[in-house]
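Remarks on the structure that follows.
The values are calculated or read from the model by the stated rules, or taken from the named source; none is laboratory data. Just so it is clear, the structure is predicted and the values come from calculations on it, not from any experiment. Please note: Cβ atoms are built from the backbone with ideal geometry, for glycine as well, and neighbour counts cover all protein chains shown. Just so you know, the surface numbers come from the protein's heavy atoms only, side chains and all, with ligands and any DNA or RNA stripped out. Shrake-Rupley method; radii C 1.70, N 1.55, O 1.52, S 1.80 Å.
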2 protein chains.
Amino acid sequence: MIAISYSSSANLGPGYDILSMGHDAFYDEVEVLEDHSNGIRISGDGIPLDYKKNTAGLSASMILNDYGIKTGIKINIKKGIPAGLGLGSSGASAAAAVRAINKLFNLGMSHDEMVHYSMHGEIAACGSAHPDNVSSGIYGGITLVQSKNPVKIKKLKINLNFSILLVIPELFMENKTMYARSLVPSKITMDEHIESTQRLSSLISGLITGDRDLVSYGMNDNIVERARIKMFPYYYDLKRRVIENNAISACISGAGPTVLILYDDKSDYNGILRSVDDVMRSYNIKYILKKSRIMEAYND
Amino acid sequence: MIAISYSSSANLGPGYDILSMGHDAFYDEVEVLEDHSNGIRISGDGIPLDYKKNTAGLSASMILNDYGIKTGIKINIKKGIPAGLGLGSSGASAAAAVRAINKLFNLGMSHDEMVHYSMHGEIAACGSAHPDNVSSGIYGGITLVQSKNPVKIKKLKINLNFSILLVIPELFMENKTMYARSLVPSKITMDEHIESTQRLSSLISGLITGDRDLVSYGMNDNIVERARIKMFPYYYDLKRRVIENNAISACISGAGPTVLILYDDKSDYNGILRSVDDVMRSYNIKYILKKSRIMEAYND
């Protein structure tokens, strides 16, 4: 049984740990086969082959255990999503594996149950079970994590037309997500909280009602992006410049270093490209660009 | 020139200092007349007559000053909204006065400018300029404060059908709003912040898309209502009981003690009434009930 899962961008500015958007920039393909030897065997290039250190393997082992499935499985992973760049790579492998296993064994899982198992796979990648990327990896579109325990996800109805440009810097860091999470403050002031809720409410209502100005206003984060700014020093310059070229907005994709730019037909796309190049050159950082669209839904 | 402004409920659960809903339960009527003596004279029953201590007077004085209006004015206030109960009484007088002055002198203010002046009137009542109640007092409907300085308000497009029941306890406290604000923690944990954003995002998207379950889930607050619970010990019991009778949800109206109950035709209205009576009797607190509807818009 083969399933795929696409890249995604968590947070979207003020939605730390709750918002994520799937996009068709990259995808992982995961094949799961019954294997009448015991255990979970993993194959694939450039990934951990110990199932406990592999997000797909860890998710799979939890499902086999919870459902009392005695047979072994073989998981073959074709990574299409580059890892360590804030594109939801680890979560996508887990989500694709969970979807494939659900179909292979006819488990009839709900979407939230699939998110639950996919999320636990994330422990293999970054030490914590966070549901944001895997939510869009299971539901598609833009998802809101209503609750993590128990998992309760809501897919938002989006009425804004936009395209996506991903600026993917060639910056790799060991244990990046773990480090990025360690920079998030454990406490914030009430004023910071209120500012964040103003932005988040604007973003959500703008996305749902198709109000471009509300999304522009809302996609700004004064807590997590600010705390992590040393990880991506080019970000504020890049954001300012693409907005001068009438991009809708920009944000850090997940834990970075990728920047997600939203634009539409009111934007000066060539101006955006020039700005990105100017800024990234000025920081002497190589990057690739990837045009993309929101990944609306999976067929299962 | 006469203008009215209706009662309102700020916060709506997780939207502390950013959300407010106008309702037609009560209204203040404010008449403003030019007066060729100097200064601001205030008349009305049971209100401060010193204009600096009166929300309408303070707002008026700022406007006269900023617009260089040299004539004096007379402000006559008919209070319809009971004060000190979390119903936006102080803000409504200010908002009505601002609207009347805007028309009287043909000032052509934007809605946000009117919110700005109304908000500063609130200093007379509670020592701080907060824009939530006055936003719905100027815009009507459910308003989102995007920014306080400069004032930037967004009126949300609501697609949920509901009715309102206000449970108004006969509990009066000197300087209640100031006290209530002092109970709000100055810092919160990141986990509290995330839980709050989950609720708030659910509430906003539920109101806009007409998703009753999302509103039920979203209208819960783990920060401000929790910190103030000793001010309204009946609240959690009341909320639990009305939800058992299939109310959509309930929250503290502004700084309390009034409880705002949202219900619809799926709710057991008589069951809600019985529950309210049971709970309030068990706490030995007298109360009045007021059925109401959302106050959609003003005609100016």
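Assorted remarks:
- Among (1) assigned to a loop (DSSP other than H, G, I, E, B); (2) without any contact (Cβ under 8 Å) to a residue 60 or more places away in the chain - the single one residue A:297 does not satisfy: (2)
- Hits in the range A:1-41 - residues which are small (Gly, Ala, Ser) and touching a residue at least 60 places away in the same chain (Cβ under 8 Å): A:3, A:5, A:7, A:8, A:9, A:10, A:13, A:15, A:20, A:22, A:25
- In the set (1) small (Gly, Ala, Ser); (2) more than 14 Å from chain B (Cβ to nearest Cβ); (3) buried (at least 23 other Cβ atoms within 10 Å of the Cβ), the condition left unmet by residue A:110 is number (3).
- Filtering the range B:65-75 to residues that are under 24 Å from residue B:45 (Cβ atoms) and either hydrophobic (A, V, I, L, M, F, W, C) or open to solvent by less than 50 Å² (accessible area, probe 1.4 Å) (or both) leaves B:72, B:73, B:75.
- For residue A:202: the one exception among (1) more than 27 Å from residue A:83 (Cα to Cα); (2) out of contact with any Phe, Trp or Tyr (no Cβ under 7 Å at 6 or more places or on another chain); (3) without any contact (Cβ under 8 Å) to a residue 60 or more places away in the chain: (2)
- Number of the condition not met by residue A:6 [criteria: (1) surrounded by fewer than 24 Cβ atoms within 10 Å (Cβ to Cβ); (2) not in a loop (DSSP other than H, G, I, E, B)]: (1)
- Residue count for the range A:76-107 under the criterion of being open to solvent by less than 10 Å² (accessible area, probe 1.4 Å) and closer than 18 Å to residue A:36 by Cα: the result is 2.
- Checked against (1) part of a helix (DSSP H, G or I); (2) out of contact with any helix residue (DSSP H, G or I) (no Cβ under 9 Å at 6 or more places or on another chain); (3) of a type outside the set (Asp, Glu); (4) without any contact (Cβ under 8 Å) to a residue 12 or more places away in the chain, residue B:236 passes all but a single condition, namely (2).
- Every residue from the range B:172-184 that is within 14 Å of chain A (Cβ to nearest Cβ) and touching a residue at least 40 places away in the same chain (Cβ under 8 Å): B:180, B:181, B:183, B:184
- Selection of the range B:161-192 for residues being among the polar types (S, T, N, Q) and closer than 23 Å to residue B:287 by Cβ yields B:163, B:175, B:177.
- Count - residues of the range B:127-162 that are open to solvent by 10 Å² or more (accessible area, probe 1.4 Å), in a helix (DSSP H, G or I) and over 19 Å from residue A:213 (Cβ atoms): 1
- Unique residue being out of contact with any Gly (no Cβ under 8 Å at 6 or more places or on another chain) and aliphatic (A, V, I, L, M) when the list is B:204, B:158, B:229: B:229
- The number of residues in the range B:48-64 being within 26 Å of residue B:110 (Cβ to Cβ), without any contact (Cβ under 8 Å) to a residue 60 or more places away in the chain and either exposed (fewer than 15 other Cβ atoms within 10 Å of the Cβ) or among the hydroxyl-bearing types (Ser, Thr, Tyr) (or both) comes to 2.
- One residue alone among B:24, B:28, B:17 is closer than 30 Å to residue A:197 by Cβ, under 18 Å from the mean Cα position of the chain (by Cα), surrounded by fewer than 17 Cβ atoms within 10 Å (Cβ to Cβ) and not assigned by the TED database to the domain that holds residue B:169, and that residue is B:24.
- Selection count where residues are open to solvent by less than 30 Å² (accessible area, probe 1.4 Å), closer than 23 Å to residue A:144 by Cα and not small (Gly, Ala, Ser), scope the range A:166-184: 2
- Here residue A:191 clears all of (1) acidic (Asp, Glu); (2) within 22 Å of residue A:294 (Cα to Cα); (3) without any contact (Cβ under 8 Å) to a residue 12 or more places away in the chain except the condition numbered (2).
- Those residues of the range B:140-171 which are among the small types (Gly, Ala, Ser) and more than 12 Å from every other protein chain (Cβ to nearest Cβ), in sequence order: B:140, B:141, B:163
- Of all residues in the range A:258-275, those satisfying the criterion of being open to solvent by less than 10 Å² (accessible area, probe 1.4 Å) and under 22 Å from the mean Cα position of the chain (by Cα) are A:258, A:259, A:260, A:261, A:262.
- Inside the range B:171-220, residues that are touching a helix residue (DSSP H, G or I) at 6+ places or on another chain (Cβ under 6 Å) and among the aromatic types (Phe, Trp, Tyr) make up a count of 1.
- Wholly enclosed helices (runs of 4 or more DSSP H) of the range B:185-233 bearing at least 2 residues open to solvent by 10 Å² or more (accessible area, probe 1.4 Å), among the acidic types (Asp, Glu) and more than 8 Å from chain A (Cβ to nearest Cβ): B:190-209
- Number of the exception - residue A:173 against (1) assigned to a loop (DSSP other than H, G, I, E, B); (2) in the same structural domain as residue A:19 (by the TED database): (2)
- Matching residues, the range A:276-294, being assigned to a strand (DSSP E or B), surrounded by fewer than 20 Cβ atoms within 10 Å (Cβ to Cβ) and of a type in the set (A, V, I, L, M, F, W, C): A:288, A:289
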